[in-house]
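In what follows, a structure is listed as structure tokens, so that the remarks can point back to it.
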Amino acid sequence: MYKNYVFDLYGTLVDIHTNETKPYLWKKMKVWYDMHGAIYDRPLTLKKKFYSLIKEKEADMNNEYAEIQIEYVFLQLFEDKGVKATMELSIETGKMFRMLSLDYVRLYDGVFELLNRLKKNGKKIYLLSNAQRIFTEPEMVLLQIYDMFDGIIYSSDAGVKKPSSEFYDTLFKKYGLKKSESVMIGNDHICDAKGASDYGIDSMYWYSNISPEHPGKKNLPKGCKEVKHISKVF
């Protein structure tokens, strides 16, 4: 029925758990910044500054669904201490931050087979993810799915995230997709199901272990089909 299958990532294809509050992470991040001359008096000071910068940058964008590029936060944490850091160092800092916060990341059962099955049947598969490229791209490479997609759009690159129709439109315009030939698959009834409906495309909704609370079948939008498991999409 569909030619184009547009997937969400986390909670849909990938099961993940991160913890950005653990003291160990911020102790190590303080050591990292100290080693590069950006001296913070305590791990908690660095942590508070990190979240403060995120809020400031989001407010500056003046968009309900704004998405910043997190590497600029890591960069400013150097600059605020008088260190002229490169973007390369900022990105490496972000990758280390993600690694320290990560408890696990893995594919849901049947995902690899699903993507292969779609491709073998001549379907195009795309990724539309509320995610930071510097975190997500290495994880997709690790999970050996990065090269399986015909197109990928991260919200950090677009500057906007789901459920914004602007974000959906970025993908559809870049790859020349037709709405009537496309379906969105995700685990979030707002970002994925409602976002797709508002944009004018069908959707498939999977209530996974890290989904927001289920809205009830009667509250899913028209054109949304609920599937029991991601492996049942096709």
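Against the test of being touching an Asp or Glu at 6+ places or on another chain (Cβ under 6 Å) and assigned to a helix (DSSP H, G or I), the options Ile190, Ile134 yield a single qualifying residue, Ile134. If the condition is being touching a residue at least 24 places away in the same chain (Cβ under 8 Å) and loosely packed, with under 14 Cβ neighbours inside 10 Å, then segment 22-34 contributes Lys22, Tyr24. Scanning segment 1-21 for residues that are in a loop (DSSP other than H, G, I, E, B), surrounded by 16 or more Cβ atoms within 10 Å (Cβ to Cβ) and out of contact with any Lys or Arg (no Cβ under 9 Å at 6 or more places or on another chain) yields Leu9, Gly11, Thr12, Leu13. Exactly one residue out of Leu102, Leu46 is aliphatic (A, V, I, L, M) and crowded, with 19+ Cβ neighbours inside 10 Å, and it is Leu46. Filtered by the rule that a residue be farther than 19 Å from His229 by Cβ, surrounded by fewer than 22 Cβ atoms within 10 Å (Cβ to Cβ) and among the hydrophobic types (A, V, I, L, M, F, W, C), segment 188-217 gives a lone residue, Ile190. For segment 36-52, indicate whether the set of residues that are of a type outside the set (Gly, Ala, Ser), within 23 Å of Thr136 (Cα to Cα) and in contact (Cβ under 8 Å) with a residue 60 or more places away in the chain is non-empty. No, every residue in segment 36-52 fails to be of a type outside the set (Gly, Ala, Ser), within 23 Å of Thr136 (Cα to Cα) and in contact (Cβ under 8 Å) with a residue 60 or more places away in the chain.
Whether any residue in segment 146-157 is over 25 Å from Ile68 (Cβ atoms), of a type in the set (A, V, I, L, M, F, W, C), within 18 Å of the chain's Cα centre (by Cα) and outside any helix (DSSP H, G or I) is what I want to check. No, the conditions are met nowhere in segment 146-157. Lys174 meets all of the listed conditions (1) assigned to a helix (DSSP H, G or I); (2) touching a Ser or Thr at 6+ places or on another chain (Cβ under 9 Å); (3) basic (Lys, Arg) but one, namely (2). So, in segment 22-36, how many residues would count as being assigned to a loop (DSSP other than H, G, I, E, B) and out of contact with any helix residue (DSSP H, G or I) (no Cβ under 8 Å at 6 or more places or on another chain)? Count: 0.
Consider segment 40-95 and keep the residues that are at pLDDT 95 or above and polar (S, T, N, Q). The one that is farthest from the chain's Cα centre (by Cα) is Thr45.
Within segment 70-77, the presence of at least one residue that is surrounded by 13 or more Cβ atoms within 10 Å (Cβ to Cβ) and outside any helix (DSSP H, G or I) is confirmed.
The values are calculated or read from the model by the stated rules, or taken from the named source; none is laboratory data. It should be emphasised that the depicted structure is a prediction, and the values quoted were computed from it without experimental measurement. Glycine gets a Cβ as well: all are built from the backbone with ideal geometry, and neighbour counts include every protein chain shown.
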